[in-house]
Each structure stands twice: as structure tokens, then as C-alpha cells.
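The values are calculated or read from the model by the stated rules, or taken from the named source; none is laboratory data. None of these values were measured; they are calculated from a predicted model. Positions of Cβ are generated from backbone atoms using ideal geometry, with glycine treated the same way; all protein chains shown enter the neighbour counts.
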Amino acid sequence: MTNHDDINGRQHFNKWSETYEPSFMQWLIFDRVHQGVLRRIPANFVPAHILDIGCGTGRLLRRMHGRWPGAQLVGVDVAEGMIAQVRHHAECVPTPYRSSPKPLPDLMPFL
């Protein structure tokens with residue numbers, strides 16, 4: 001396999017999906033980034049819809065669900081393994097997640 005065969009990283013992220021959630025990188029990097037993103041959103045802002053493109057295991061969407069439980073959440077990722085992990089970790093979050101290598105026309109309300 002050449003680097004061009006996995007141009008969107010699907011195979012890489014499918015392999016990583018099993019260890020992605022418990023990885024030290026979550027608390028070292030991603031949790032801090034997520035906290036920074038959420039801090040920058042005004043307290044009085046209440047979204048109706050939230051779309052996370054490249055949602056990984058859904059960690060940021062779970063945080064957003066905690067802050068805005070009434071928002072419709074959608075997570076999209078190219079790696080089926082990541083989406084499987086989302087479903088495993090987000091049983092209590094009513095969020096549709098999907099794996100798709102192509103644009104999803106039904107997401108147009110989010111754009």
C-alpha cells in the first residue's frame with residue numbers, strides 16, 4: 001500500500017479506533033482543545049443543530065450534549081471503526097453517527 005491508497009486516512013483511523021478513546025492524547029491534547037472550543041462559545045448561545053465532521057469517537061459531541069441537551073447532534077467520520085466506538089461510548093446520547101467517504105446531502109440543514 002502506498003500513502004495514496006489511504007488518502008483520507010480511513011485505514012489509519014480504523015486501526016487507531018480501538019485505542020483512540022483511552023489514549024493519553026485525549027487528556028493531553030484533545031480534551032484541552034475541546035475545552036478551549038467550548039469556552040469560546042458565548043454562554044447565551046443555544047444551538048438547535050450541531051454537526052461534527054471528523055467526530056472520531058464522539059468525545060466532543062458528548063461534551064456538547066452535556067452543555068446543550070436539546071440540540072440535534074450529528075457526527076460524521078470516514079472511519080467505520082471510529083463510528084463503532086461512538087456507538088459504544090455514547091449510549092446515552094441520542095445522536096446519529098455515520099461513516100461516509102462522500103458528502104452527505106441530508107446534512108444540508110447544518111450548512
ask   = Given the structure, is residue 43 out of contact with any strand residue (DSSP E or B) (no Cβ under 6 Å at 6 or more places or on another chain), touching a residue at least 12 places away in the same chain (Cβ under 8 Å) and of a type outside the set (Ser, Thr, Tyr)?
value = no
request  = Report, ordered by the first and then the second residue, all pairs with beta carbons closer than 8 Å, sequence separation of six or more or different chains, a first member in segment 15-39 that is within 17 Å of residue 77 (Cα to Cα) and surrounded by 12 or more Cβ atoms within 10 Å (Cβ to Cβ), and a second member that is at pLDDT 85 or above and hydroxyl-bearing (Ser, Thr, Tyr).
outcome  = 17/57; 20/57; 21/57
Pair list, Cβ under 8 Å, 6 or more apart: segment 63-75 residue closer than 17 Å to residue 85 by Cα, other residue assigned to a helix (DSSP H, G or I) and of a type outside the set (A, V, I, L, M) = 63/34; 73/65; 74/110
ask   = Just for segment 1-40: of the residues that are of a type in the set (S, T, N, Q) and part of a loop (DSSP other than H, G, I, E, B), which one is modelled with the lowest pLDDT?
value = 2
key: Residue satisfying all of: in segment 43-94; buried (at least 19 other Cβ atoms within 10 Å of the Cβ) and of a type in the set (S, T, N, Q); farthest from residue 31 (Cα to Cα) among these   = 85
